[in-house]
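A quick write-up on the structure given underneath.
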Amino acid sequence: MLSLLLLAALPQSAPAFDFDVQNGLRVKVAGIPVVTGSWLQYYEAGWTKGYYSTANEETQTKKVDDDTYRTDLSGYNGIATGQITYHRAGDHLQVHYDLHWAGDKPVKIELTGGMISAQVMQNGSLTEDCKQARSLTPTKYLIPSMDERKFAPDATDYFFDSPLVKLGIKTSSPSTLFDARGYDQDYAQGKSLFWFGNLSLDVSKDKPISYDIDWRFQSSPVPPAKTDSIALTANPAPDVISPDEQPPPIIPKPKTNELKFDKPLVITGNYDYPAGRVRFWDADFTGGLKSRFEVPAFDKKAPVIHVDGGVSKLGFHPGGYQITITDHSISVLGEEDEGLHNGLRRLAMLAFPHGGKLALPTGYLSSNPQIAWRGVHLFVGPEARAFQKKLWDRVLLPLGFNKVVLQCERTDWDCMPNLKGERRTMSKEDLAGLFADYRAIGVEPIPLIQSFGHMEWFFDKGQNLDVAVNPAVPYAIDPRKPKSAQMIGAIWDEACDLLKPTTIHFGCDEVDMRGFPNDDAKLVTVLWKQQMTVLKGIATKHNAQMMLWGDKGLAPGEAIDATNGDSGTEAIQRRAALPKGAIIADWHYKADSRIESFLPSLQLWKKEGFKPIASAWYQPENVRSMDLAADVEKCGTLQTTWPGYFSDEKSLIENMEQFSAMVLAADYSWSTRYDKIDNLGYDPAEVFRKMYFGLPRPVSPGPGVQIFQGVAKRDLKSGDMRFKLGDPIALRSLLSAPQAASAVDLALSAKGKHIAFALDAADKCDDGEVIAELVVQTANGKQLMRQPIVYGRHVRTADDKGAMPFADRGEGFSVFELQLPAVSEVRGIHIESLSARGGLRLHGAIVW
């Protein structure tokens, strides 16, 4: 990839800023992001149609000379074109836009010149055209209007005076600056930003746009780096480990819950089976216990627990179960094998520490799934098989999912030798093994291979362009070309022979998003009809049910969003081209708390003889409303993920919100409980994190050493760990603690194999940003372990409620645990800042 950082190209005297324009403008001052992105988009007046956005399509950036870069724009089949030139001159960055439109009617451009970090600026002041603007501190907006969010009337001259940087901005015509904190747009969610640019530029065939922005960055002096040495207090304590005896959350919510956690049955491991050994007991119950706890050795002298279980006609839907626990017995009955599995997995999830032992509550519980078809949508890839086994074993099976749609076009298909070796494709052998894995656990796997649009995989590296609708913008396959049917048919023949599916998903969403002639909805319908004939033939040939996304069959007004059917007339024709009984993954991703907002499209599909599946994404209100709408219309549910093209743990970590939404989807789709999100009584992100990443926890209390600075001022209980907290040890942040040390050497004396730290950060950073490194040392300085501390993975600010895969959250802190290679004498910890912001703070630690 072309490196666009100009820092290395400039003289060795410290520059005022460095910048990157590969994917929009990003500027750092003293290593801290000040401008965090830019883009522009062509649109129809009134936002009735979007034509081209640089945020959604790749742009080409070239180096002109050491101080100049140029980005070439071309979109909407070459009708939207232009250039952006970036030129550095001392502490100025001069940006020139030259934008054109070749369409017959005028359109508008929204030009986002830069997203400015409110985090950097909010403690400073702002003037606009030499007039003082209102305060930059966070404000709660009562009316969601743009005018309320503006700091002042549009201007051509802006000046921010903040502790880190003085930022001047001059533009060739009046521009807008508004507060995007808490703004209802994807780019603003969870971020602290000011939007700067022009909201409405007029452009036409005869009137191109020329627009200039002059940015000036003047940074404040950076204090010299220093390292502090601190001797820590180390106090032995009998209960640094103190198992959490709180009842675990029961998800999905059961039909009947008469369990008594205050009258437990101790799990001794001394079982007998009066009716014969219970099937799946070892895998589902014993294995489930071992994944959660350090299970004590069985006590053969303890009272015997009588265990029975099996399949029974309970009158429940398939997958339902009942559990009865007395002071001397356990009974688990399931509706079909699926129900017995679910019951035994739930039994393992009910276990909790009690008085140094493992126990189960006594009483009765029954759970009956209200929605039969409960699926998740995942991708494939070289690491998918191992990753998905862990995901299902630890999370999705205990939560009761029973279907998986596997988007698997990126596989090494024999019939496509020109695509083999594509970056990170999955082998056929692994894909077949993955499907076998799912069938072995009672989950139906459904292959999804995009077979009309969204076929970037098919055209990778310039291959197969002869069957593209538009070879210049290869995105959709052209059914008018006979070879296209042969090629799609060959892929599906190979996939069906390999995988033996009973349902096949052809994709077919957003088929004309790129590369189609402009506004030609009738052509889309013509090609749609031709391609549906091909795809129906494939499904019939392989005796499989046809499934596809539903957006191209819905006209505006027929659903809350995802209405890409263009018009009522076109949508009707497209639906008519589908075979009756086809499964329609009816996807809608708007976060709307009104269940009725999601009913019309489900009702429409049902009325016309199809089988809709309510398909949600990750926003909690979207998940709840979609799943409850599915219950109203007696449809299935599908929880979708869109974390890139490959399924692995890295994609999970980078998209935790998408995976933690599966907890909500499991609860609402199984129980169809009506509770609002805030009334569920659990944090889905924490539930998911503990299920997937959690280590087996001790059952009995354990001694260790409390580590803190100065005098302990408060106690912290997090999970099963107890901390004494002293004065925080803070690393430098140029935003909030510029005089603090950039590194600290901590002296202590403690022996153990585990170390846990109570941490927080002074300043919010980007998820995935490495803000510090921690090194655990022995007495002679030998390194036992070196660990990067990553924002959003191990630590957050006290008020940042985002999920963290590797840390517990407790009372404003994150608690991060390290396991050393062996029991060791820990004599030192070195912590060093690796970011200009962050300001990592250590409040205390325990060693055991």
Review point. Please identify the trypsin sites (Lys or Arg not before Pro) of region 255-286 that satisfy two criteria: DSSP loop assignment and at most 13 other Cβ atoms within 10 Å. Which are they?
Key: Arg277
Point to revise | Unsatisfied cross-links (Cα-Cα over 29 Å) in the set Lys140/Lys166; Lys552/Lys607; Lys255/Lys676; Lys49/Lys650; Lys255/Lys300; Lys260/Lys690 | key: Lys49/Lys650; Lys255/Lys300
Practice item. Residues in region 341-369, backbone N under 19 Å from the label point at Ala283 (7 Å along the Cα-to-beta-carbon vector): list them, ranges by number please. Key: 341-349
**Study point:** Charge dipole of the chain about the Cα centre (unit charges at C-beta), most positive-ward option of Thr127, Thr778, Ala743
**Key:** Thr778
Review point. Based on Cβ point charges of +1 for Lys and Arg and -1 for Asp and Glu, what charge dipole magnitude is obtained for the chain about its Cα centre, in debye rounded to the nearest 20?
Key: 1500
Revision key, fill the gap. Rounded to the nearest whole number, the Stokes-Einstein translational diffusion coefficient of region 444-530 at 25 °C and 0.890 mPa s (Kirkwood radius, C-alpha pairs) in µm²/s is 181
Point to revise | Point-to-point label distance, Glu811-Arg786, nm (Cα→Cβ direction, 7 Å offset) | key: 3.5
Revision key, fill the gap. One computes Rg over Rh for region 675-762 from alpha-carbon atoms, with the Kirkwood Rh, and obtains 1.04
Check your understanding: How far, in nm, would the chain grow between Asp98 and Ala275 when pulled straight, counting 0.36 nm per residue and subtracting the alpha carbon separation?
Key -> 55.6 nm
Review point. Rg and Dmax of region 25-107, Cα atoms, in Å?
Key: 14.8, 47
Exercise for review: For the chain, list log₁₀ I(q)/I(0) at each q in 0.04, 0.08, 0.10 Å⁻¹, using the Debye formula over Cα point scatterers of equal strength and ignoring solvent, two decimals each.
Suggested key: -0.21, -0.86, -1.29
Check your understanding: If you project the alpha carbons of region 497-637 onto their three principal axes, what span does each projection cover, largest first, in Å?
Key -> 40, 39, 26
Study note, to complete from the structure: With all protein chains present, region 517-580 has a carbon and sulfur share of its accessible area (1.4 Å probe) in percent of 54
Review point. Over the chain, what is the relative contact order in whole percent, taking alpha-carbon pairs under 8 Å and six or more residues apart?
Key: 11
Review point. Label Ala45 and Asp67 with points 7 Å out from Cα along Cα→Cβ: what is the distance between them in nm?
Key: 4.2
Review point. Relative contact order for region 49-157: what is it in percent, counting Cα pairs under 8 Å that are at least 6 residues apart?
Key: 13
Exercise for review: At q = 0.12, 0.14, 0.19 Å⁻¹, work out log10 I(q)/I(0) for region 6-159 with the Debye formula, treating every Cα as an identical point scatterer and leaving solvent out; two decimals please.
Suggested key: -0.66, -0.88, -1.30
Practice item. Mind giving me the nanometre distance, one decimal, between the label points for Phe693 and Lys461, set 7 Å out from Cα along Cα→Cβ? Key: 3.6
Practice item. Determine the relative contact order of region 170-219: mean sequence separation of Cα pairs under 8 Å and six or more apart, normalised by residue count, in whole percent. Key: 40
Review point. Which FRET efficiency, nearest 0.05, do Gln185 and Ala297 yield, Cβ-Cβ r, R0 45 Å?
Key: 0.20
Review point. Rounded if a/c is under 1.5, else prolate if a/b beats b/c, else oblate: with a ≥ b ≥ c from the C-alpha gyration tensor eigenvalues square-rooted, which is region 207-252?
Key: oblate
Review point. Given +1 on the Cβ of Lys and Arg, -1 on the Cβ of Asp and Glu, and no further charges, what dipole in debye does region 437-483 carry about its Cα centre, rounded to the nearest 20?
Key: 200
Check your understanding: Sorted by packing (mean other beta-carbon atoms within 10 Å per residue), highest first, where do 698-711, 428-441, 542-555 land?
Key -> 542-555, 698-711, 428-441
Review point. Of Ala845, Leu731, Gly168, which is farthest along the charge dipole of the chain in the positive direction, counting Lys and Arg as +1 and Asp and Glu as -1 at C-beta?
Key: Ala845
Check your understanding: Counting only heavy atoms of protein chains, what accessible area per residue, in Å², does the chain have with a probe of 1.4 Å?
Key -> 41
Practice item. Arrange the peptides 529-540, 39-50 so that the one whose residues have, on average, the most other Cβ atoms within 10 Å appears first. Key: 529-540, 39-50
Review point. Tell me, how many Å apart are the Cα centres for region 125-196 and for region 372-451?
Key: 46
**Study point:** Normalised per residue, the volume of the convex hull around the Cα set of region 272-376 (Å³)
**Key:** 114
Revision key, fill the gap. Note to self, the chain gives a 222 nm [θ] from helices alone (DSSP H runs n ≥ 4, -39500 (n - 2.57) apiece, / all residues, nearest 500) of -5500 deg cm²/dmol
Point to revise | Projected area, mean over directions - region 107-181, Cα convex hull, nm² | key: 5.5
Review point. Remind me, what semi-axes does region 286-439 give for its equivalent ellipsoid, largest first in whole Å, using sqrt of 5 times each Cα gyration tensor eigenvalue?
Key: 39, 19, 11
**Study point:** Two-decimal ratio, region 372-441, of alpha-carbon radius of gyration to 2.2 N^0.38 Å
**Key:** 1.18
Exercise for review: Just reorder Ile504, Ile250 by solvent-accessible area, largest first, 1.4 Å probe, all chains present.
Suggested key: Ile250, Ile504
Check your understanding: Along its principal axes, what span do the Cα atoms of region 516-561 show, with the longest given first and each in whole Å?
Key -> 35, 26, 12
Exercise for review: May I ask you to list the chymotrypsin sites (Phe, Trp or Tyr not before Pro) in region 135-214 that are in a DSSP loop and have at most 14 other Cβ atoms within 10 Å of their Cβ?
Suggested key: Tyr141
Practice item. Please give the peptides 589-599, 53-63, 835-845, 654-664 ranked by average Cβ packing (other Cβ atoms within 10 Å per residue), highest first, as a rough proxy for protection. Key: 835-845, 654-664, 589-599, 53-63
Review point. Loop-only check: which trypsin sites (Lys or Arg not before Pro) in region 782-816 are DSSP coil with at most 15 other Cβ within 10 angstrom?
Key: Lys782, Lys801
Point to revise | Three semi-axes of the equivalent ellipsoid, region 617-747, Cα gyration tensor, whole Å, largest first | key: 40, 20, 15
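The values are calculated or read from the model by the stated rules, or taken from the named source; none is laboratory data. None of the values given here were measured: they were computed from a predicted structure. Don't worry about glycine lacking a Cβ; one is built from the backbone with ideal geometry, like all the others, and counts go over all protein chains shown. All accessible areas refer to the heavy atoms of the entire protein, side chains included, with ligands and DNA or RNA removed. Shrake-Rupley method; radii C 1.70, N 1.55, O 1.52, S 1.80 Å.
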